[in-house]
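Trainee: Below you'll find the structure I mean.
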Amino acid sequence: MEHVDVAVIGGGQSGLATAHALRRQGREPVVLEASAQASGSWPRYYDSLTLFSPVGHSSLPGLPFGGDPDRYPHRDEVVAYLLRYADRLDADIRTGARVREAATADGGFTLTLEDGRRLSTRGVVAASGSFGRPCRPGLPGLEDFAGAVLHAAEYRAPQPFAGQRVVVVGAGNSAVQIAAELAAHARVTLAARHPVRFARQRVLGRDLHRWLKVTGIDVLPVGRFLRTPPTQSVIDDGRYRAAVTAGAPDLRPVFSAIEGTKVTWADGSTEEVDAIVLASGYRPDLDYLRPVGALDPDGRPRHREGVSTTHPGLAYVGLEWQRSLSSNSLRGVGRDAARIAGRLAARLRAH
C-alpha cells in the first residue's frame, strides 16, 4: 500500500487551489481526480457556457487568469486556465483516479480506488466540489415520460432539438441560459418551481462582483447558518429578462402531471412534449465517505466551514456556501482552500 502525505480528492478549481495551499504549508499533496483531465468537471459543461464573473474576479491564487479583466471567459478558456494552473503546480496530480471508498485506519485513512489500488494518508481533503452529482428532482410523472429526458450535465448544444417542443425545468442561471439558447431553435417553456429572479450583471457601470467584493458580501462567513442554501438570482446582462418577457422561452409553473409524452400544466391544459431538460442543479459527489460515517442521512457532509465534525484529519473544499457566497467559485475557493490547508497542516504537525 502506498502512503501519501495528504490526499486531495478531486481536481478542478477546488482540488488545484487546495494543492496550491497545501504546498505553501510545506505539505506534499496527492490530487486524485476521477476524470481524464486535471480541470475536473469543466470540460463536461454545455458548449456555450460563459462565466458570470469577469476575468478580473475569476483567478485562483498564484496565477492570474490573464487578458482583459472585464471580459467574461468561455468554458474552454476556463479549462485551459485550469490545465495551465495544474502544469505550474509542484504537486502530484493523478487523473483517472476515482476514489471508491474511504476507511479509517491507525489515526488516518485508507483510500481504495476503483482500480483496486489503495493509499494510506493522515489527511484527506474532499475537494470534489458541488457539481459532481446531477440532481434529478422528483417531478410528477417524470419517470414515465416517453420522450427524451436529460440533465443539464448531459446537454451540449441546441441544434439536436431544432423544431421540437422542449421544457426546461429550473429557475437558476443554467436553466435560463439553456432555455434562451434553445428558444432560437425550438419552442421552449421554462418551467420553474420558484420565481425567477434577475440581478443586473453591471451596476453603475461596474460588474456586480466588484460591488460584492467592495461591500464584503462575497466573503461574509454566513455559510454555517444556512441549512438550505438560498436560491440565487439569475445574473443578467439584459438578454435573459428580455427573452423571457418576449416569450422565448415562455415561463410557467412546473407541470402537474405527465402521461406518455403529454404534459399537463397547472392550468389544466395539456400538450405533447418532445424533450425535458432538467436544469435542477447538482449535489456533492461524496459517497466514498459514507463508510466512515462522515455524511448525514441525506448525503451531506457533516462539517463546520469545511472542517469535518466527525473525523480529525478530514476537511472539505468547494462546497456551496461552505463558508461564504463565493466558496464554490473560482473567485472564492482559494480563500477557503488556504484556510483549510492551514488548519490541516497544523494538525498534522501536532500529531
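The values are calculated or read from the model by the stated rules, or taken from the named source; none is laboratory data. Everything numeric in this text was worked out from a predicted model, so none of it was measured. A quick note on method: Cβ atoms are made from the backbone with ideal geometry, for glycine too, and the neighbour counts reach across all protein chains shown.
Trainee: Residues to consider are Ala17, Ala21; find the one that is in contact with a strand residue (DSSP E or B) (Cβ under 8 Å, 6 or more places away or on another chain) and either buried (at least 16 other Cβ atoms within 10 Å of the Cβ) or modelled with pLDDT under 95 (or both).
Mentor: Just a single option satisfies the conditions, and that option is Ala17.
Trainee: Please specify each residue of region 272-286 satisfying the condition of being assigned to a strand (DSSP E or B) and not hydroxyl-bearing (Ser, Thr, Tyr).
Mentor: Answer for region 272-286, where residues must be assigned to a strand (DSSP E or B) and not hydroxyl-bearing (Ser, Thr, Tyr): Glu272, Ala275, Ile276, Val277, Leu278, Arg283.
Trainee: Among residues belonging to region 305-328 that are out of contact with any Ser or Thr (no Cβ under 7 Å at 6 or more places or on another chain) and among the polar types (S, T, N, Q), point out the one that is modelled with the lowest pLDDT.
Mentor: Among them, the one singled out is Ser326.
Trainee: Right, next: For region 220-263, name all the residues that are assigned to a strand (DSSP E or B), in contact (Cβ under 8 Å) with a residue 24 or more places away in the chain and more than 30 Å from Tyr316 (Cβ to Cβ).
Mentor: Result: Asp236, Asp250, Leu251, Arg252, Pro253, Ala257, Ile258, Glu259, Val263.
Trainee: While we're here: Among the residues of region 333-351, write down those that are surrounded by fewer than 24 Cβ atoms within 10 Å (Cβ to Cβ), of a type outside the set (D, E, K, R) and within 16 Å of Gly62 (Cα to Cα).
Mentor: Gly334, Ala338
Trainee: Which residues, counting only those in region 188-217, are in contact with a strand residue (DSSP E or B) (Cβ under 8 Å, 6 or more places away or on another chain), assigned to a strand (DSSP E or B) and touching a residue at least 60 places away in the same chain (Cβ under 8 Å)?
Mentor: Val188, Thr189, Leu190, Ala191, Ala192
Trainee: Being on the phi > 0 side of the Ramachandran plot, touching a Lys or Arg at 6+ places or on another chain (Cβ under 9 Å) and touching a residue at least 60 places away in the same chain (Cβ under 8 Å), is that true of even one residue in region 85-107?
Mentor: There is at least one residue in region 85-107 that is on the phi > 0 side of the Ramachandran plot, touching a Lys or Arg at 6+ places or on another chain (Cβ under 9 Å) and touching a residue at least 60 places away in the same chain (Cβ under 8 Å).
Trainee: I would also like to ask the following. If you go through region 24-38 one residue at a time, how many are crowded, with 24+ Cβ neighbours inside 10 Å and among the acidic types (Asp, Glu)?
Mentor: Of the residues in that region, 1 qualify.
Trainee: Let me ask another. Suppose we filter Tyr81, Tyr72, Tyr85 for residues that are over 25 Å from Ala341 (Cβ atoms), hydroxyl-bearing (Ser, Thr, Tyr) and either buried (at least 19 other Cβ atoms within 10 Å of the Cβ) or in the same structural domain as Gly334 (by TED's automatic domain parsing) (or both); which single one remains?
Mentor: None of the others qualify; the one that does is Tyr72.
Trainee: Here is a list of conditions, (1) among the polar types (S, T, N, Q); (2) within 27 Å of Leu289 (Cβ to Cβ); (3) in a helix (DSSP H, G or I), and Gln177 meets all of them except one; can you say which number that is?
Mentor: (2)
Trainee: Still on this structure: Answer yes or no: is there a residue in region 49-60 that is more than 19 Å from the chain's Cα centre (by Cα) and either surrounded by 15 or more Cβ atoms within 10 Å (Cβ to Cβ) or outside the structural domain of Leu119 (by TED's automatic domain parsing) (or both).
Mentor: There is at least one residue in region 49-60 that is more than 19 Å from the chain's Cα centre (by Cα) and either surrounded by 15 or more Cβ atoms within 10 Å (Cβ to Cβ) or outside the structural domain of Leu119 (by TED's automatic domain parsing) (or both).
Trainee: For region 90-101, give me each residue that is assigned to a loop (DSSP other than H, G, I, E, B) and surrounded by 20 or more Cβ atoms within 10 Å (Cβ to Cβ).
Mentor: Ala91, Ala97
Trainee: So, one more: Taking the condition of being outside any loop (DSSP other than H, G, I, E, B) and out of contact with any Gly (no Cβ under 6 Å at 6 or more places or on another chain), how many residues in region 44-79 meet it?
Mentor: Looking only at that region, the number is 11.
Trainee: Still on this structure, I have one more. Pick from region 102-129 the residues that are part of a loop (DSSP other than H, G, I, E, B) and buried (at least 17 other Cβ atoms within 10 Å of the Cβ): which of them is modelled with the highest pLDDT?
Mentor: Out of the qualifying residues, it is Ala127.
Trainee: Give me the residue from region 301-327 that is free of Cβ contacts under 8 Å to residues at least 40 places away in the same chain and surrounded by 14 or more Cβ atoms within 10 Å (Cβ to Cβ) and, out of that set, nearest to Leu212 (Cα to Cα).
Mentor: If we take residues in region 301-327 being free of Cβ contacts under 8 Å to residues at least 40 places away in the same chain and surrounded by 14 or more Cβ atoms within 10 Å (Cβ to Cβ), then Gly306 is nearest to Leu212 (Cα to Cα).
Trainee: Output the number of the condition that Thr121 fails; it satisfies all remaining conditions of (1) of a type in the set (S, T, N, Q); (2) without any contact (Cβ under 8 Å) to a residue 40 or more places away in the chain; (3) under 24 Å from Gly26 (Cα atoms).
Mentor: Every condition holds for Thr121 apart from (2).
Trainee: Here's something else I'd like to know. In region 130-171, what residues are part of a loop (DSSP other than H, G, I, E, B), closer than 23 Å to Ser41 by Cα and at pLDDT below 90?
Mentor: Within region 130-171, Ser130, Phe131, Gly132, Cys135, Arg136, Pro137 meet the criteria.
Trainee: Identify, by number, the condition in (1) at pLDDT 95 or above; (2) over 20 Å from the mean Cα position of the chain (by Cα); (3) assigned to a helix (DSSP H, G or I) that Leu289 doesn't meet.
Mentor: In the conditions (1) at pLDDT 95 or above; (2) over 20 Å from the mean Cα position of the chain (by Cα); (3) assigned to a helix (DSSP H, G or I), Leu289 misses (2) alone.
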